[in-house]
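Student: First the structure, then my questions, so here it is.
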Amino acid sequence: MILILKPDTDKDGKEYRQLLEFLLHMKNIQSRVHDEKGTMHTLTEIYLVGDTAALQIEEMSSLPCVERVVRVSEEYRVLGRHHDDNRPTYFDYKGVRFGQDNLNIFAGLCAVDTPEHVELMMKALKEHGQQCTRMGAYKPRTNPYSFQGHGKSCLPYVFELAGKYDIKVIAMEVTHDSHVREIHQALEQTGHPTGVMLQIGTRNTQNFELLKSIGREPEFPVLLKRGFGITLEESLNAAEYLASEGNRRVVFGLRGMKTNMGDPHRNFIDFAHVPVIHRLTRMPVCIDPSHSVGTRDATSDGILDIFHVTAQGVIAGANMVLVDFHPYPGKALVDGPQALRLDELGYFLEDIRIAREAYEKRVALAGKFRA
Ligand code: PEP
Ligand code: MN
């Protein structure tokens with residue numbers, strides 16, 4: 001059960017103390033307070049766990065400071081959508097909104113290689129009005145002898161160039177706590193020219209200790225990729241690990257499933273799950289067409305498979321597209337064969353605009369049909 005308190009409830013006030021006192025004396029029920037600091041208001045929610053089945057909504061709603069009460073099912077307590085649950089389905093970070101009702105594109109380098117390539121990428125993004133990108137500094141690789149990413153040494157120039165080209169948010173994978181510390185340090189050192197969305201890759205979806213420590217991270221939002229060989233439910237529970245520790249600014253990423261059934265794509269495309277995640281949870285949903293498809297193959301209609309699957313995800317309501325680009329795919333140190341070229345950026349964005357417009361028309365049509 002969640003008690004949603006009146007906005008800006010005074011934690012030093014008498015009413016709040018009375019509420020805590022009451023909760024403290026409830027048998028077999030533990031409570032956990034969570035504050036969400038927005039730009040205008042602080043929202044406080046109290047999660048009650050334990051023996052809550054017998055609690056009456058009316059009684060709990062009448063407690064001091066309580067505005068609303070939501071009874072949650074066992075599944076995805078914090079991030080899930082529950083009956084009569086109208087908690088927000090978006091968050092803001094660095095002035096960018098991440099919600100189930102909008103769309104952001106994160107085109108960029110799978111792996112940072114040289115400052116020149118980073119700059120060419122960022123410049124192209126700015127020219128196309130983009131404010132987000134992807135830049136891999138820590139690369140978990142299948143083969144221990146493959147390039148593992150430049151790590152912390154590239155962070156200062158990546159962040160400075162982002163500032164130079166007005167890039168507000170960089171999605172960057174981390175595989176260890178120490179990477180988060182290095183990102184903090186590099187942002188500090190460069191004067192916070194940009195923001196970072198920490199990415200947890202498919203190989204770490206169930207790295208529970210990493211999830212817990214990033215869940216306690218107060219500053220950065222997180223893009224959690226679906227695990228490539230586990231059920232959707234297991235991956236959604238992984239997202240809930242982040243939220244249960246306090247970080248509920250989580251975007252859920254679909255990136256295809258590992259099975260030869262998907263051949264000749266690198267992974268079996270799972271973008272049909274975009275609306276399912278919208279239905280089950282309050283998380284914005286990201287699609288990663290590059291790591292799903294893994295090639296630049298095109299079909300007889302002249303359209304690359306990467307474009308086709310992106311459109312399929314977007315027309316189903318996806319909220320974020322994470323996609324590999326490179327100024328010279330032949331020179332990329334990681335995943336060159338699936339990278340799009342900078343001269344394709346405008347075309348790619350226009351193709352997405354068409355799919356998004358179609359999605360919005362579909363939503364309007366459904367609304368008219370139901371009315
Ligand atoms: C990536 O986005 O660079 C990546 C490695 O993705 P995934 O974890 O989905 O394989
Ligand atoms: Mn990659």
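The values are calculated or read from the model by the stated rules, or taken from the named source; none is laboratory data. Just so we're clear, the structure is a prediction, and the values are computed from it rather than from any experiment. Don't worry about glycine lacking a Cβ; one is built from the backbone with ideal geometry, like all the others, and counts go over all protein chains shown. For the accessible areas, the whole protein counts, side chains as well, though only heavy atoms, and no ligand, DNA or RNA atoms are used. Shrake-Rupley method; radii C 1.70, N 1.55, O 1.52, S 1.80 Å.
Student: Only one of Gln199, Gln148, Gln206 is free of Cβ contacts under 8 Å to residues at least 12 places away in the same chain, within 16 Å of ligand 1 (Cβ to nearest atom) and not in a helix (DSSP H, G or I). Can you tell me which? Spell out the reasoning first.
Tutor: Details: Gln199 fails: free of Cβ contacts under 8 Å to residues at least 12 places away in the same chain; Gln206 fails: free of Cβ contacts under 8 Å to residues at least 12 places away in the same chain.
Residue meeting the stated conditions: Gln148.
Student: For Ser178, state whether it is touching a residue at least 12 places away in the same chain (Cβ under 8 Å), on the phi < 0 side of the Ramachandran plot and part of a helix (DSSP H, G or I).
Tutor: Numbers: touching a residue at least 12 places away in the same chain (Cβ under 8 Å): no; on the phi < 0 side of the Ramachandran plot: yes; part of a helix (DSSP H, G or I): yes.
Answer is no for this residue.
Student: Another question about this same structure. Kindly list the number of the only condition in (1) surrounded by 13 or more Cβ atoms within 10 Å (Cβ to Cβ); (2) under 32 Å from the mean Cα position of the chain (by Cα) that fails for Asp8.
Tutor: Single failed check for Asp8: (1).
Student: Let me ask another. Somewhere in the stretch 89-106, is a residue out of contact with any Phe, Trp or Tyr (no Cβ under 6 Å at 6 or more places or on another chain), farther than 22 Å from Thr310 by Cα and open to solvent by less than 10 Å² (accessible area, probe 1.4 Å)?
Tutor: Checked against the condition, which is being out of contact with any Phe, Trp or Tyr (no Cβ under 6 Å at 6 or more places or on another chain), farther than 22 Å from Thr310 by Cα and open to solvent by less than 10 Å² (accessible area, probe 1.4 Å), the stretch 89-106 yields no hits at all.
Student: If you go through the stretch 308-327 one residue at a time, how many are crowded, with 24+ Cβ neighbours inside 10 Å and either over 19 Å from the mean Cα position of the chain (by Cα) or outside the structural domain of Leu223 (by TED's automatic domain parsing) (or both)?
Tutor: 2
Student: Something else now. For the structure I just gave you, tell me whether Thr52 is over 30 Å from Pro329 (Cβ atoms), among the hydroxyl-bearing types (Ser, Thr, Tyr), more than 16 Å from ligand 1 (Cβ to nearest atom) and open to solvent by 80 Å² or more (accessible area, probe 1.4 Å).
Tutor: no
Student: Here's something else I'd like to know. Tell me which strands (runs of 3 or more DSSP E) are completely within the stretch 40-129 and hold 1 or more residues being under 23 Å from the mean Cα position of the chain (by Cα), or say none if there are none.
Tutor: 42-50, 90-93, 96-99, 104-108
Student: Looking for something within 14 Å of the chain's Cα centre (by Cα), assigned by TED's automatic domain parsing to the domain that holds Val112 and open to solvent by 10 Å² or more (accessible area, probe 1.4 Å) - is there at least one such residue anywhere in the stretch 190-212?
Tutor: Within the stretch 190-212, one or more residues are within 14 Å of the chain's Cα centre (by Cα), assigned by TED's automatic domain parsing to the domain that holds Val112 and open to solvent by 10 Å² or more (accessible area, probe 1.4 Å).
Student: May I ask you to verify whether Ile167 is open to solvent by less than 20 Å² (accessible area, probe 1.4 Å), touching a residue at least 24 places away in the same chain (Cβ under 8 Å) and not in a strand (DSSP E or B)?
Tutor: Yes; evaluated as a whole, the condition is true for this residue.
Student: Right, next: Determine which single condition Glu217 fails, assuming it passes every other condition in (1) at pLDDT below 95; (2) over 15 Å from the mean Cα position of the chain (by Cα).
Tutor: (2)
Student: Here is a list: Leu349, Leu345, Leu340, Leu333. Which entry is touching a residue at least 60 places away in the same chain (Cβ under 8 Å), within 16 Å of ligand 2 (Cβ to nearest atom) and touching a strand residue (DSSP E or B) at 6+ places or on another chain (Cβ under 7 Å)?
Tutor: Leu340
Student: For Phe252, indicate whether it is within 17 Å of Ala318 (Cα to Cα), touching a strand residue (DSSP E or B) at 6+ places or on another chain (Cβ under 7 Å) and aromatic (Phe, Trp, Tyr).
Tutor: Here the answer is yes, as Phe252 does meet what is asked.
Student: Pairs, please: C-beta under 6 Å, at least 6 apart or cross-chain, first residue basic (Lys, Arg) and in the stretch 27-39, second not in a strand (DSSP E or B)?
Tutor: Pairs that qualify, where the first residue is basic (Lys, Arg) and the partner is not in a strand (DSSP E or B): there are none.
Student: Yes or no: the stretch 116-138 includes at least one residue that is surrounded by fewer than 21 Cβ atoms within 10 Å (Cβ to Cβ) and within 16 Å of ligand 1 (Cβ to nearest atom).
Tutor: Yes, the stretch 116-138 contains at least one residue that is surrounded by fewer than 21 Cβ atoms within 10 Å (Cβ to Cβ) and within 16 Å of ligand 1 (Cβ to nearest atom).
Student: If you don't mind, there's one more thing I want to ask. Write out, first by first residue and then by second, each pair whose Cβ atoms fall under 9 Å of each other, whose residues are 6+ apart or on separate chains, and whose first residue, in the stretch 224-236, is under 15 Å from Ile269 (Cβ atoms) while the second is aromatic (Phe, Trp, Tyr) and open to solvent by less than 70 Å² (accessible area, probe 1.4 Å).
Tutor: Listed pairs, sorted by first residue: Lys225/Phe252; Arg226/Phe252.
Student: Sticking with this one: Give the residues of the stretch 1-23 that are of a type outside the set (Val, Ile, Thr) and in contact with a Ser or Thr (Cβ under 9 Å, 6 or more places away or on another chain), sorted by residue number.
Tutor: Met1, Leu3, Leu5, Lys6, Pro7, Asp8, Lys11, Glu15, Tyr16, Leu19, Leu20, Leu23
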